[in-house]
Amino acid sequence: MRVDTQVGIVGAGPAGLLLSHLLHLSGIESVVLELRSRDYCERRVRAGVLEQGTVDLLTECGVGDRMRREGLVHRGIELRFGGRGHRIDFPTLTGGRAITVYGQQEVVKDLIAARLAAGGRIMFEADDVSVHDIQTDRPHVRFLHGGEPMELQCRLLAGCDGFHGVCREAIPAEALSIYERVYPFAWFGVLAQTPPPSAELIYAAHERGFALYSMRSPEISRLYLQVAPDEEAVNWPDTRIWRELHRRLGEEAGERLKEGTILEKGVTGMRSFIAEPMQYGRLYLAGDAAHIVPPTGAKGLNLAVADVGVLARAMAKYFKSGGEDLLRAYSATCLRRVWRAEHFSWWMTSMLHRFPAHDGFQHRLQRSELEYVIGSRAAATSLAENYVGLPFDW
Ligand code: FAD
Ligand code: PHB
C-alpha cells in the first residue's frame, strides 16, 4: 500500500514527534514511522533536564501544560568533591534563567497525545524501514506494517531515528564526516521509589567514580553511578547500589538518601559523536541520529528539540514559498549549537569522572578545575550559562 504526505519522519522520539507537531501548526502534513510500540516509547526512561529554551518552545507550541504543572523548576545544581558540596546558582549567574526537571518519557507522552488529538498519523511498530531516492525530489520510505509492505511517498524526509537508526546509514559514507570519542566508562542508571534527599541535582566527583543524584518527582529519584564500560546491571544487587551511592554522594546527601524500592536499572555507554553535514539531498537528520553527547551536561534531549525547531521553520518556508535558503543552511545553523554542547558535555565529563588511565597529575588538574569553577564567578558563569542553555538563536 502507498501513503502520500509532505514530510516523512522516521522515529517517534522527542525529535520526530515535536517536528511533526510543529509542522502541523504550520499547516504541513507529516507521517511518523516508529519501530517500537506506543507503550514502549512512553515508558523509555532517559533524560530529565529541560533547558529554559526547551521549556519555552514546548510551552509556545501548546504542549507545555502538564510540564508546567508537574515539572520541577531548579535554580541551581550542587558540585560535590572533597567531601563538600558547592552550589552553582543559575539565576544570579545567567540573568534569571533556570532548568526544569521533567522526564523525557513525559515529554514523549504529551507529544503523542497532542499529535493523535489533532488527527496526526504515527505508525507504531513499523518494521524493516528503509529510505530511498533521498537525492531526488521524490524520496520515499519502504517498511512493513502489520506484516504488509508499505511505501511512504514524500517531498522531504526527516531522519529522527536516533543513534542506531537507518537514516544516517542511507547517506553515502563519502558524503559524511564523522567525529567521535568513546569514553572508558559507562553510567549505571537507577530509578528508585525514594523522596529526593536534596532539592537540587548533585554532581559528585569521587575517587571511586562519578555519581549523580537527580529526580523525577517528589517521590521518585533518578541516580547514576560511573561504572566500567562493559558493566552489566545483574552485577548490581540493590544493597551494592545503595552502598556505592552513599559512599560517592558523601555523608551529607548519602545520609539523607532513603533506600526505597529500585524500579529500574540500566547501563548506558558514553560517547561523543557528530555526523557532518546533518543533511543530504532531501534527507535531514535531527537529534541523536546526527549527534550524541555524554549525558553529563544533560544536553541530548535539548539538542534534539533545538534541531527540530530550526528544521520546522526551514520546512515551513519551503512549503509556503518554495524558498530553500533555510533548508540549505539547516546543518550549518544547527552545528554551531551542537558543537558548543559537545564541548560542554565533554568538559563536564572530563572534569567529573575518574579515568582509568589518569595519574596523580591529572587528578590534581581535575581538582584544580573544580576549585576554579566554584571559586571564580567567571568560571561558574561559564558552567551556568551552558547548563541552562544558550538562546536558540545563539
Ligand atoms: P530517540 O529518543 O532515540 O528517538 C529515536 C526514535 O527512533 C526511537 O523511538 C526509536 O525507537 C526510533 N527508531 C530507531 N530506529 C528506527 C527504525 N529503523 N525505524 C523506525 N524507528 C526507529 N540524555 C540526557 O540528557 N540524560 C540522560 O540521562 C540520558 N540517558 C539516555 C539513555 C539512553 C539509553 C539513551 C539511548 C540516551 C540517553 N540520553 C540521555 C540522550 C537523550 O535521551 C537523547 O538525546 C534523546 O532521546 C534524543 O531524542 P531523539 O528523538 O533524537 O532520539
Ligand atoms: C536525569 O535526570 O536523568 C539526568 C540529569 C542530569 C544529567 C543527566 C541525566 O546530566
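Can you tell me which residue within segment 38-52, out of those that are more than 9 Å from ligand 1 (Cβ to nearest atom) and among the charged types (D, E, K, R), is surrounded by the fewest Cβ atoms within 10 Å (Cβ to Cβ)?
Filtering segment 38-52 down to residues more than 9 Å from ligand 1 (Cβ to nearest atom) leaves 38-39, 42-43, 50-52.
Next cut, among the charged types (D, E, K, R) only: 38-39, 42-43, 51.
On the way: Arg38: 16, Asp39: 9, Glu42: 15, Arg43: 13, Glu51: 27.
Among those residues, the one meeting the criterion is Asp39.
What number of residues within segment 129-179 are within 15 Å of ligand 1 (Cβ to nearest atom), of a type in the set (D, E, K, R) and farther than 18 Å from Leu19 by Cα?
Qualifying residue count for the region: 3.
Among the residues that make up segment 282-305, is at least one of them free of Cβ contacts under 8 Å to residues at least 24 places away in the same chain, outside any helix (DSSP H, G or I), more than 16 Å from ligand 2 (Cβ to nearest atom) and not hydroxyl-bearing (Ser, Thr, Tyr)?
Residues of segment 282-305 free of Cβ contacts under 8 Å to residues at least 24 places away in the same chain: none.
Within segment 282-305, not a single residue is free of Cβ contacts under 8 Å to residues at least 24 places away in the same chain, outside any helix (DSSP H, G or I), more than 16 Å from ligand 2 (Cβ to nearest atom) and not hydroxyl-bearing (Ser, Thr, Tyr).
Need a quick list: strands (runs of 3 or more DSSP E) entirely within segment 4-110 having at least 1 residues that are in contact with a Cys (Cβ under 8 Å, 6 or more places away or on another chain) and either hydroxyl-bearing (Ser, Thr, Tyr) or modelled with pLDDT of 95 or more (or both). Walk me through how you get there before you give the answer.
On the way: elements: 7-10, 30-33, 72-74, 76-81, 84-89, 99-101.
Qualifying strands (runs of 3 or more DSSP E): 7-10, 30-33.
State yes or no: is Val108 surrounded by 13 or more Cβ atoms within 10 Å (Cβ to Cβ) and more than 16 Å from ligand 2 (Cβ to nearest atom)? Lay out the reasoning, then the answer.
Values: surrounded by 13 or more Cβ atoms within 10 Å (Cβ to Cβ): yes; more than 16 Å from ligand 2 (Cβ to nearest atom): no.
It is false that Val108 is surrounded by 13 or more Cβ atoms within 10 Å (Cβ to Cβ) and more than 16 Å from ligand 2 (Cβ to nearest atom).
Return yes or no: is Phe143 within 16 Å of ligand 2 (Cβ to nearest atom) and farther than 22 Å from His24 by Cα? Walk me through how you get there before you give the answer.
Working: within 16 Å of ligand 2 (Cβ to nearest atom): no; farther than 22 Å from His24 by Cα: yes.
So Phe143 does not fit the description; no.
What about Ser198, is it among the hydroxyl-bearing types (Ser, Thr, Tyr), surrounded by 21 or more Cβ atoms within 10 Å (Cβ to Cβ) and either within 16 Å of ligand 2 (Cβ to nearest atom) or assigned to a strand (DSSP E or B) (or both)? First the steps, then the outcome.
Values: among the hydroxyl-bearing types (Ser, Thr, Tyr): yes; surrounded by 21 or more Cβ atoms within 10 Å (Cβ to Cβ): no; either within 16 Å of ligand 2 (Cβ to nearest atom) or assigned to a strand (DSSP E or B) (or both): yes.
No; evaluated as a whole, the condition is false for this residue.
So Leu35 passes all but one of these: (1) buried (at least 24 other Cβ atoms within 10 Å of the Cβ); (2) within 10 Å of ligand 1 (Cβ to nearest atom); (3) under 15 Å from Gly159 (Cα atoms). Which condition number does it fail?
Checking Leu35 against (1) buried (at least 24 other Cβ atoms within 10 Å of the Cβ); (2) within 10 Å of ligand 1 (Cβ to nearest atom); (3) under 15 Å from Gly159 (Cα atoms), the one that fails is (1).
Would you confirm whether any residue within segment 261-271 is among the polar types (S, T, N, Q), under 30 Å from Gly16 (Cα atoms) and touching a Phe, Trp or Tyr at 6+ places or on another chain (Cβ under 7 Å)? Write out each step before concluding.
Looking only at segment 261-271, we keep the residues that are among the polar types (S, T, N, Q), and these are 261, 268.
Still in the list and also under 30 Å from Gly16 (Cα atoms): 268.
Subsequent filtering for residues that are touching a Phe, Trp or Tyr at 6+ places or on another chain (Cβ under 7 Å) retains 268.
Yes; the residues of segment 261-271 include at least one that is among the polar types (S, T, N, Q), under 30 Å from Gly16 (Cα atoms) and touching a Phe, Trp or Tyr at 6+ places or on another chain (Cβ under 7 Å).
Restricting to segment 250-298, name every residue that is closer than 26 Å to Cys154 by Cβ and polar (S, T, N, Q).
Gln279
Can you tell me which of Leu352, Leu383, Leu370, Leu390 is over 30 Å from Gly309 (Cα atoms), surrounded by 13 or more Cβ atoms within 10 Å (Cβ to Cβ) and within 20 Å of the chain's Cα centre (by Cα)?
Working: Leu383 fails: over 30 Å from Gly309 (Cα atoms); Leu370 fails: within 20 Å of the chain's Cα centre (by Cα); Leu390 fails: over 30 Å from Gly309 (Cα atoms).
That would be Leu352, the only listed residue that is over 30 Å from Gly309 (Cα atoms), surrounded by 13 or more Cβ atoms within 10 Å (Cβ to Cβ) and within 20 Å of the chain's Cα centre (by Cα).
Restricting attention to segment 348-361, which residues are free of Cβ contacts under 8 Å to residues at least 40 places away in the same chain and within 19 Å of Arg181 (Cα to Cα)? Give the steps one after another, and end with the answer.
Filtering segment 348-361 for residues free of Cβ contacts under 8 Å to residues at least 40 places away in the same chain gives 350, 358-361.
Across segment 348-361, the qualifying residues are Ser350, His358.
Got a number for residues in segment 11-49 being of a type in the set (A, V, I, L, M, F, W, C), in contact with a helix residue (DSSP H, G or I) (Cβ under 7 Å, 6 or more places away or on another chain) and within 16 Å of ligand 2 (Cβ to nearest atom)?
Of the residues in that region, 2 qualify.
What is the residue count in segment 206-264 for residues that are more than 16 Å from ligand 2 (Cβ to nearest atom), hydroxyl-bearing (Ser, Thr, Tyr) and either more than 17 Å from Val45 (Cα to Cα) or without any contact (Cβ under 8 Å) to a residue 40 or more places away in the chain (or both)?
1
So which pairs qualify, if the first residue must be in segment 10-21 and within 16 Å of Leu35 (Cα to Cα) and near ligand 1 (Cβ under 8 Å from one of its atoms), the second must be in a helix (DSSP H, G or I) and small (Gly, Ala, Ser), the Cβ gap must be under 6 Å, and the two must be at least 6 apart or on different chains?
Here the result reads Pro14/Ala304; Ala15/Gly287; Ala15/Ala304, each pair linking segment 10-21 to a residue that is in a helix (DSSP H, G or I) and small (Gly, Ala, Ser).
Determine if segment 156-165 includes at least one residue that is touching a residue at least 60 places away in the same chain (Cβ under 8 Å), buried (at least 17 other Cβ atoms within 10 Å of the Cβ) and at positive phi.
Yes - at least one qualifying residue is present in segment 156-165.
Look at Ala114 and say whether it is in contact with a helix residue (DSSP H, G or I) (Cβ under 9 Å, 6 or more places away or on another chain) and among the hydrophobic types (A, V, I, L, M, F, W, C). Steps first, answer last, please.
Details: in contact with a helix residue (DSSP H, G or I) (Cβ under 9 Å, 6 or more places away or on another chain): yes; among the hydrophobic types (A, V, I, L, M, F, W, C): yes.
In short, yes.
Being farther than 30 Å from Val182 by Cβ and within 16 Å of ligand 1 (Cβ to nearest atom) is the filter here; which residues of segment 294-341 pass it?
Let us first name the residues in segment 294-341 that are farther than 30 Å from Val182 by Cβ, namely 312-329.
Listed by number, the list holds a single entry, Ala312.
So if I check each of His358, His343, which one is of a type outside the set (Ser, Thr, Tyr), out of contact with any Lys or Arg (no Cβ under 9 Å at 6 or more places or on another chain) and within 16 Å of ligand 2 (Cβ to nearest atom)? Before the answer, list the steps.
Numbers: His358 fails: within 16 Å of ligand 2 (Cβ to nearest atom).
Every option except His343 fails the conditions.
Can you pull out the residues in segment 327-345 that are surrounded by fewer than 20 Cβ atoms within 10 Å (Cβ to Cβ) and either within 19 Å of Gly8 (Cβ to Cβ) or in contact (Cβ under 8 Å) with a residue 60 or more places away in the chain (or both)?
If the condition is that a residue be surrounded by fewer than 20 Cβ atoms within 10 Å (Cβ to Cβ) and either within 19 Å of Gly8 (Cβ to Cβ) or in contact (Cβ under 8 Å) with a residue 60 or more places away in the chain (or both), then Leu327, Leu335, Trp339 are the ones that fit.
The values are calculated or read from the model by the stated rules, or taken from the named source; none is laboratory data. Owing to the predicted nature of the structure, the values given are computational and were not obtained by experimental measurement. In this analysis, Cβ positions are derived from the backbone assuming ideal geometry, glycine residues included, and neighbour counts consider all displayed protein chains.
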